[in-house]
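Below you'll find the structure, written out as structure tokens, and then a few comments.
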Amino acid sequence: MTDYLLDSNVFIQAKNLHYGFDFCPAFWDWLMAQNQAGKVASIEKVADELHAGEDELAAWSEDRGDAFFLRPDEIIVPALSTVSDWARGQEYQPAAVATFLQVADYWLVAHALAHDCTVVTHEVPADTIRKIKIPNACIGLGLRCISPYEMLRRERARFVLGPGGGAA
């Protein structure tokens, strides 16, 4: 069973900021190793968002395939209904609900609900009726939601410089 499901912003911010492919390949290696161990994954809809970037991250995600980016299964169907009912039952603007139900966030939360996973995202809860944030949906549905840094600390990830990895 997968412990952690990663939001697209985890990958995008890692590539653009903290763990660029060019200077921190250990992060990406760690993700792949944790995926092979059954601990870290994401979903097909997140991969679709990443592929749209047509960059190094798109290529990386395409190379991972279904082993990393999980396809929806029959267990998710009732969870999709539960998440949809929750979103419609809140005080969000109709446009916020409609948007949420059309993007990967909806599928990510439903997958986490169906498979008892912790959602990993850079998003933080927000008191707004204009957009449904992943952490708000997780709180409302009783799901665990943490930052990537919290996941890395919990899993005791270590990105240590090897020989010749110091000063240039």
Can you give me the number of residues within region 46-103 that are at pLDDT below 95 and surrounded by 18 or more Cβ atoms within 10 Å (Cβ to Cβ)? 0
Those residues of region 10-27 which are part of a helix (DSSP H, G or I), in contact with a Pro (Cβ under 9 Å, 6 or more places away or on another chain) and buried (at least 16 other Cβ atoms within 10 Å of the Cβ) amount to VAL10, ALA14
How many residues are small (Gly, Ala, Ser) and touching a strand residue (DSSP E or B) at 6+ places or on another chain (Cβ under 9 Å) if we restrict to region 111-124? 1
I'm trying to understand the selection: among the residues of region 136-151, which are assigned to a helix (DSSP H, G or I), surrounded by fewer than 19 Cβ atoms within 10 Å (Cβ to Cβ) and without any contact (Cβ under 8 Å) to a residue 40 or more places away in the chain? ILE139, TYR149, GLU150
Within region 105-112, identify whether any single residue is free of Cβ contacts under 8 Å to residues at least 60 places away in the same chain, surrounded by fewer than 20 Cβ atoms within 10 Å (Cβ to Cβ) and in a helix (DSSP H, G or I), and answer yes or no. no
I'd like the full set of residues that are in contact with a Lys or Arg (Cβ under 9 Å, 6 or more places away or on another chain) and of a type in the set (S, T, N, Q), limited to region 60-106. GLN93, THR99
How many of the residues in region 104-156 are over 23 Å from GLY38 (Cα atoms) and aromatic (Phe, Trp, Tyr)? 0
Which residue pairs have Cβ atoms under 7 Å apart, sit 6 or more places apart or on different chains, and have a first residue in region 48-74 that is in contact (Cβ under 8 Å) with a residue 12 or more places away in the chain and under 16 Å from VAL103 (Cα atoms) and a second that is of a type in the set (Gly, Ala, Ser) and not in a helix (DSSP H, G or I)? PHE69/SER42; LEU70/ALA41
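The values are calculated or read from the model by the stated rules, or taken from the named source; none is laboratory data. What you see is a predicted model; the values in this text were computed from it and never measured. We place every Cβ from the backbone using ideal geometry, glycine too, and count neighbours over all the protein chains shown.
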